[in-house]
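What follows is a short report on a single structure.
The values are calculated or read from the model by the stated rules, or taken from the named source; none is laboratory data. The structure presented is a predicted model; accordingly, all values stated were derived computationally and were not measured. Methodologically, a virtual Cβ is constructed for each residue, glycine included, from the backbone with ideal geometry; neighbour enumeration extends over all protein chains shown.
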Amino acid sequence: MNYELLTWLIPLPPLLAFFIIFLATHKNNKLSHSLAIAGAGLSWVFSMMVFFFAIGYEKELTSSISWLPTAETWLNIGVQVDALTAITLFFVAWTVLMIFIYSVGYHNFGQPKGDHDRPGLAPHGAELIDQDGKHKHVLSIEPMYARFFGFISLFAFAMYVLVVSNNLLTLYIGWEIMGLCSYLLIGFWYAKPSAKAAAQKAFLTTRIGDVFMLIGLAALYTLTGSLHYEVIFSETVLHDLATTISPVFGLSWAGLIGLLILMGVVGKSSQFPLHVWLPDAMEGPTPVSAMIHAATMVSAGVYLAIRFFPVLSAGWDGGSALTTPMVVMAAIGSFTALFSATIAVAQRDVKRVLAYSTISQLGFMIAALGVGAYIAAAFHLVTHAIFKALLFLGSGSIIHGMEHGVLHTQEHIDPQDMYNMGGLRKKMPITFITFLIGGFALAGFPFITAGFWSKDEILSGAFNGGFNVVFWVLAISAFITAFYTMRQISLVFLGNPRTSAAKHAHETTATMTFPLVILSIFAISIGWVGIPEYFPVIGGIVPNWLETFLGSMLHSEHAEAHHSSIPLITSLVVSLGGLFLGGLVYRKIQNTEKDPLEWSLSGVYKVLANKYYIDEIYQFVFIRPTEWFAEKIVYQLIDQKILDGFLHGVGKLSMWLGGKFRFWFDLPIINKGGDKMALGAQKMGSNLKVTQSGRIQDYMVLALAFSLLGGFLFYLLLF
Amino acid sequence: MIPLSWYLIVAAVLFSVGMFGAISRKNAIAILISIELMLNAVNINILAFWHYHSQTLGYTDLHGMVFAAIVIMAAAAEVAIGLALIIAVYRQRKTVVASEVNALKG
């Protein structure tokens with residue numbers, strides 16, 4: 001089996017599905033989703049084959065072709081499968097396939113068309129009349145069903161391109177296509193103003209990071225002449241980059257490029273200060289776009305940071321003297337982790353809690369990279385992708401069940417507000433169990449769940465490296481994470497139903513629960529590959545495969561200094577403590593309005609519920625001045641006064657000049673001359689008319705006269 | 001031997017009579033006859049020049065005779081067409097007076 005070729009083929013089936021759906025089969029819902037799932041399934045098969053090959057042989061797969069001629073040389077692009085690619089392929093393939101299957105159920109395939117559904121809006125539900133003549137409200141199919149599958153196929157293609165490419169150029173191409181897909185999917189219900197605004201916000205916010213990243217790539221290409229990983233990450237190039245000084249702030253080139261690329265990571269992985277787009281991205285079709293924005297696409301940012309770790313850490317000796325990009329990463333990551341965890345505590349929308357928790361967990365990974373815990377970051381990337389996918393799909397399932405109840409009871413409530421739920425564990429048992437597993441993984445429930453192992457790795461990485469501030473900030477964040485996770489689980493599933501819609505909620509279809517079950521299996525078992533060997537009692541039973549596998553990628557061995565039990569105890573305490581406290585506070589909420597934190601934290605709660613007013617600050621500091629500048633300066637002054645004025649001046653001048661030409665040239669010369677010529681011809685004609693007598697003998701005389709005259713002239717001229 | 005100028009004078013007189021007839025006669029057939037006169041005057045000229053030219057050369061070549069014969073053929077063809085036209089005009093307009101056939105008057 002040619003595994004290089006197989007790697008090339010991984011991204012292609014979804015791309016083909018995308019084109020076929022949009023060009024041919026978009027009228028046929030069933031064919032479209034079958035094509036999309038077949039495409040994703042084929043990619044999944046290829047990915048799994050490559051993954052098992054890669055872990056079996058522990059050999060890098062590389063293959064490249066000449067793409068564009070650049071003067072004497074060629075620009076090469078290609079694919080590469082190393083340890084990081086392999087584990088990323090693993091979770092991307094699984095989560096992508098699960099999204100595709102889940103979307104069939106989520107978009108109500110098989111349900112009737114809605115009575116007044118129209119493209120660009122979420123389906124409103126259909127009214128059926130059964131045999132007894134009773135009116136019954138049921139969910140209706142998404143009006144743009146096929147279009148959705150086209151978009152996510154393109155998204156899957158881009159993600160696979162990003163993962164398998166061996167150079168930063170094709171990675172960037174995949175990166176940008178995903179930005180586009182993100183925009184299209186957030187704005188999928190484009191007739192809703194909030195969705196439209198959220199799509200633009202996401203696109204523009206990530207664009208800020210991408211521009212810096214592109215500058216970084218350009219600088220890198222200029223300095224090294226290549227965008228290939230093997231060239232950039234070679235010892236000599238890294239050494240050169242780390243020792244030459246760039247013109248900005250006395251940073252080394254590695255530091256400058258690292259910071260620029262870090263900006264792209266911050267935008268894509270939604271870190272502070274560019275985190276604002278992600279919560280708004282929840283406007284897209286509930287769990288699916290949300291999951292793209294939780295499990296796969298935002299992971300691309302962290303993937304890039306891990307991939308780029310050799311440059312980011314160029315010059316780092318493994319001790320506590322961090323490089324500038326690492327310091328920035330540690331600061332941004334740990335700050336974001338704490339910052340958004342606190343916001344998540346005060347959110348009422350079931351999806352928004354998860355959105356902020358995503359930002360927070362991505363912050364954990366960035367912070368882990370910042371303190372050099374490379375393997376821990378990659379580990380958490382994988383486990384987080386799995387359990388966050390599970391949680392988001394679970395929340396979509398919850399919302400779907402609630403929508404069912406809302407349609408049934410015709411209540412006017414928000415089906416996404418957690419305070420309208422409660423007691424769903426009996427109504428939706430599969431969703432409950434799987435969501436519980438996902439939630440416990442997020443909270444880091446000890447020993448069983450995957451999230452515990454990866455988070456413990458990060459905490460011990462920060463502690464063992466001696467970065468106490470990062471350690472304590474992350475520990476507090478982990479505590480808050482456990483707290484809001486239990487808050488969510490309690491509010492949604494425990495207690496009694498707080499609305500009649502929640503009483504009539506219903507378990508969702510098999511296409512939605514099947515992915516939940518699959519992902520919940522991974523949410524537990526995936527953690528076992530990375531149990532550290534020094535761990536008391538169970539350490540060493542399962543070999544720490546992840547560290548061996550991923551560690552093979554690092555150029556220099558950063559030996560762990562010492563192992564302490566403080567991080568372990570901390571993770572136990574924070575996760576169990578947070579879960580316990582959350583359960584205690586939210587166990588028996590009865591009314592639908594007040595949050596117990598609201599009276600205990602009062603003012604602070606308001607700040608948290610309003611997300612620290614970051615959106616308002618951006619509105620005030622960036623958007624309003626920009627709008628003012630655009631309106632007053634660009635539009636009214638430059639456009640209307642200067643440009644339009646100039647153009648109107650040119651127009652007036654032309655009119656005046658045209659008038660003059662008309663009176664001076666056109667009327668007297670062209671017009672009158674033409675008239676004169678016509679009159680002359682007419683006059684000559686009437687004068688010559690007399691010669692045309694019609695009598696043949698007159699013509700004969702004339703001919704004679706002219707021939708005599710001609711003969712005479714001929715004679716004169718010649719002789 | 002009759003000098004060349006005599007022939008030329010006869011031909012000139014004949015041509016002038018023909019031309020006068022062609023210009024002044026009213027009857028279309030008479031005009032046609034006048035044209036024949038002019039052609040024959042030219043033929044006399046051709047044959048006269050041919051004859052004297054042959055004598056100066058000292059032998060007889062056929063060019064002049066052939067030329068005259070072609071002119072006679074052309075004249076015959078012209079008469080045939082001219083008479084046909086006149087008959088056609090007569091059938092239409094019941095007249096053979098040339099000046100009355102003036103549909104092309106400007």
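Just a few scattered comments:
- Selection within segment B:1-34: residues that are within 22 Å of B:Ile46 (Cβ to Cβ) and polar (S, T, N, Q). The member of this set that is surrounded by the fewest Cβ atoms within 10 Å (Cβ to Cβ) is B:Ser5.
- Single unsatisfied condition, A:Tyr303 versus (1) surrounded by 23 or more Cβ atoms within 10 Å (Cβ to Cβ); (2) among the aromatic types (Phe, Trp, Tyr); (3) not in a helix (DSSP H, G or I): (3)
- Residue in segment A:497-513 that is of a type in the set (S, T, N, Q), surrounded by fewer than 24 Cβ atoms within 10 Å (Cβ to Cβ), in a helix (DSSP H, G or I) and without any contact (Cβ under 8 Å) to a residue 60 or more places away in the chain present: no
- Some residue of segment A:266-281 being buried (at least 19 other Cβ atoms within 10 Å of the Cβ) and over 15 Å from the mean Cα position of the chain (by Cα): yes
- The set of residues in segment A:148-187 that are of a type in the set (Val, Ile, Thr) and within 18 Å of A:Ala281 (Cα to Cα) comprises A:Ile152, A:Ile177, A:Ile186.
- Scanning segment A:32-85 for residues that are part of a helix (DSSP H, G or I) and free of Cβ contacts under 8 Å to residues at least 24 places away in the same chain returns A:Ser34, A:Val45, A:Phe52, A:Gly56, A:Tyr57.
- Spans of helices (runs of 4 or more DSSP H) in segment A:190-269 with at least 1 residues on the phi < 0 side of the Ramachandran plot and small (Gly, Ala, Ser): A:193-224, A:235-243, A:253-268
- The residues on offer are A:Asp666, A:Asp639, and the sole one that is within 47 Å of the chain's Cα centre (by Cα) and either among the acidic types (Asp, Glu) or modelled with pLDDT of 90 or more (or both) is A:Asp639.
- Some residue of segment A:704-716 being of a type outside the set (S, T, N, Q), within 14 Å of another protein chain (Cβ to nearest Cβ), free of Cβ contacts under 8 Å to residues at least 60 places away in the same chain and surrounded by 11 or more Cβ atoms within 10 Å (Cβ to Cβ): yes
- Selection status of A:Thr499, over 28 Å from A:Asp595 (Cβ atoms), among the hydroxyl-bearing types (Ser, Thr, Tyr) and modelled with pLDDT under 85: no
- Among the residues listed as A:Gly673, A:Gly680, A:Gly685, A:Gly659, the single one being small (Gly, Ala, Ser), farther than 30 Å from B:Val96 by Cα and within 14 Å of another protein chain (Cβ to nearest Cβ): A:Gly685
- The listed residues are A:Val607, A:Val690, and the only one of them that is hydrophobic (A, V, I, L, M, F, W, C) and in contact with a Gly (Cβ under 8 Å, 6 or more places away or on another chain) turns out to be A:Val690.
- Some residue of segment A:424-445 being at positive phi and surrounded by fewer than 24 Cβ atoms within 10 Å (Cβ to Cβ): no
- Sole residue being surrounded by 12 or more Cβ atoms within 10 Å (Cβ to Cβ), in a helix (DSSP H, G or I), within 14 Å of chain B (Cβ to nearest Cβ) and of a type in the set (Ser, Thr, Tyr), chosen from A:Tyr613, A:Tyr618, A:Tyr699: A:Tyr699
- Screening the candidates A:Asp675, A:Asp595, A:Asp666 for the property of being acidic (Asp, Glu) and surrounded by fewer than 11 Cβ atoms within 10 Å (Cβ to Cβ) yields one hit, A:Asp675.
- Residue in segment A:654-662 that is in contact (Cβ under 8 Å) with a residue 40 or more places away in the chain and more than 31 Å from the chain's Cα centre (by Cα) present: no
- Among the residues of segment A:326-359, the ones that are in a helix (DSSP H, G or I) and either over 27 Å from A:Ala254 (Cα atoms) or of a type outside the set (A, V, I, L, M) (or both) come to 21 in all.
- Those residues of segment A:131-188 which are of a type in the set (Ser, Thr, Tyr) and either within 27 Å of A:Lys201 (Cβ to Cβ) or assigned to a helix (DSSP H, G or I) (or both), in sequence order: A:Tyr145, A:Ser153, A:Tyr160, A:Thr170, A:Tyr172, A:Ser182, A:Tyr183
- Where helices (runs of 4 or more DSSP H) fall wholly inside segment A:378-479, the ranges with 2 or more residues that are under 25 Å from the mean Cα position of the chain (by Cα) are A:429-443, A:450-464.
- Matching residues in segment A:103-144 - criterion: being on the phi > 0 side of the Ramachandran plot and either touching a Gly at 6+ places or on another chain (Cβ under 8 Å) or among the basic types (Lys, Arg) (or both): A:Gly125
- A:Lys588 away from chain B (no Cβ under 14 Å) and in a loop (DSSP other than H, G, I, E, B): yes
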